[in-house]
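Asks: Structure provided below as structure tokens; questions to follow.
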Amino acid sequence: MVESTIGEEVFRQGLNLYLVEFAYANAEKSDFLSSFSKIFKAIDYHHDPFLSTNFSVYDYIDSWIYQRGFPLLKVRQVGDYFEISQQIFDFDNSSEFADTQWKVPIFTQENEQDEV
């Protein structure tokens, strides 16, 4: 999912940058995530409305890799709009992680039109 959101090129180059920079050194989580952020910032995404507005690759990847579980999204139509909420999908219904939030890209398509 990370690759399909940030793009194959950013994913591949970010992973390559990380492996080259830390081939013979210790690394931390922030080093891994920063490698993707550096590549993402170097590539022009102004043509993409989702990726060009307040999108943090660091926060996006961090929310998927380093949190327990995965999100359960609920979509509800309210008039002409849709309301989307999320909660943790957890078999043991633990309230310990109830406030966990993921950065979830939402893409829509109406009939045969391009994605928005």
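The values are calculated or read from the model by the stated rules, or taken from the named source; none is laboratory data. Predicted, not measured: the structure shown is a model, and the values here were computed from it. Cβ: placed from backbone, ideal geometry, glycine included. Neighbour counts: every protein chain shown.
Asks: Kindly indicate whether residue 100 is at pLDDT below 75 and of a type in the set (Val, Ile, Thr). Lay out the reasoning, then the answer.
Replies: Numbers: at pLDDT below 75: no; of a type in the set (Val, Ile, Thr): yes.
Against the criterion (at pLDDT below 75 and of a type in the set (Val, Ile, Thr)), residue 100 does not qualify.
Asks: Right, another one. Counting just the residues of segment 48-64 that are of a type in the set (A, V, I, L, M) and at pLDDT 80 or above, which one comes out surrounded by the fewest Cβ atoms within 10 Å (Cβ to Cβ)? Break it down into steps so the answer makes sense when it comes.
Replies: Step one: of segment 48-64, the residues of a type in the set (A, V, I, L, M) are 51, 57, 61.
Adding the requirement that they be at pLDDT 80 or above leaves 57, 61.
Numbers: 57: 24, 61: 22.
Only one residue tops the list, namely 61.
Asks: Let me ask something else about it. If you go through segment 24-47 one residue at a time, do you hit one that is at pLDDT below 80 and of a type in the set (Ser, Thr, Tyr)?
Replies: First, pick out the residues of segment 24-47 that are at pLDDT below 80: 43-47.
Subset that is of a type in the set (Ser, Thr, Tyr): 45.
Checked against the condition, which is being at pLDDT below 80 and of a type in the set (Ser, Thr, Tyr), segment 24-47 yields at least one hit.
Asks: State whether one or more residues within segment 76-95 are part of a helix (DSSP H, G or I) and modelled with pLDDT under 75. Talk me through it step by step, then tell me what you get.
Replies: Within segment 76-95, the subset part of a helix (DSSP H, G or I) is 95.
Checking which are modelled with pLDDT under 75 leaves us with 95.
Yes, segment 76-95 contains a residue that is part of a helix (DSSP H, G or I) and modelled with pLDDT under 75.
Asks: Something else now. What are the pairs with Cβ atoms under 6 angstrom where one residue, in segment 69-93, is closer than 14 Å to residue 108 by Cα and the other, located anywhere, is loosely packed, with under 10 Cβ neighbours inside 10 Å and aliphatic (A, V, I, L, M)? Sequence gap at least six, or different chains.
Replies: Correct list of pairs: 82/75; 84/75.
Asks: Next question, about the same structure. Could you say which residue among 2, 10, 20 is touching a residue at least 60 places away in the same chain (Cβ under 8 Å) and either more than 15 Å from residue 58 (Cα to Cα) or not hydroxyl-bearing (Ser, Thr, Tyr) (or both)?
Replies: Values: 10 fails: touching a residue at least 60 places away in the same chain (Cβ under 8 Å); 20 fails: touching a residue at least 60 places away in the same chain (Cβ under 8 Å).
Criteria check complete, one pass: 2.
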